[in-house]
Amino acid sequence: MPYTLIHSPVSRDTVTALLELLHSAQEGHLRGVAFVGLLRGRKFVVDCTGSACEDPTLTRGVLASLDDELQRLIEGRVDRDTTI
């Protein structure tokens with residue numbers, strides 16, 4: 001059975017999005033997470049949990065979909081300057 005990308009309207013606010021994901025996990029809908037956390041001081045963390053760690057080949061594939069979504073965000077910008 002093929003996987004289907006669901007465009008879930010998760011908040012763009014970090015805390016709200018994490019709470020929404022927590023609720024989904026508590027309900028048993030969210031079975032794994034692969035994530036990047038952007039920290040202060042130009043540092044970041046990457047990791048995975050649950051099903052995302054159990055099937056790393058699948059996770060790499062779905063992360064390619066994230067890469068595609070990020071590319072669309074970049075293309076949608078009027079100002080392509082990414083400096084702050």
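Remarks
- Within region 6-46, tally of residues that are surrounded by 10 or more Cβ atoms within 10 Å (Cβ to Cβ), modelled with pLDDT under 95 and basic (Lys, Arg): 0
- In this structure, Leu63 does not satisfy being within 21 Å of Leu21 (Cα to Cα), at pLDDT below 95 and not acidic (Asp, Glu).
- Every residue from region 21-50 that is under 23 Å from Asp68 (Cα atoms) and in a helix (DSSP H, G or I): Leu21
The values are calculated or read from the model by the stated rules, or taken from the named source; none is laboratory data. What you see is a predicted model, and the numbers here were worked out from it, not measured in a lab. Because the Cβ atoms are built from the backbone with ideal geometry, glycine has one as well, and the counts that use them run over all protein chains shown.
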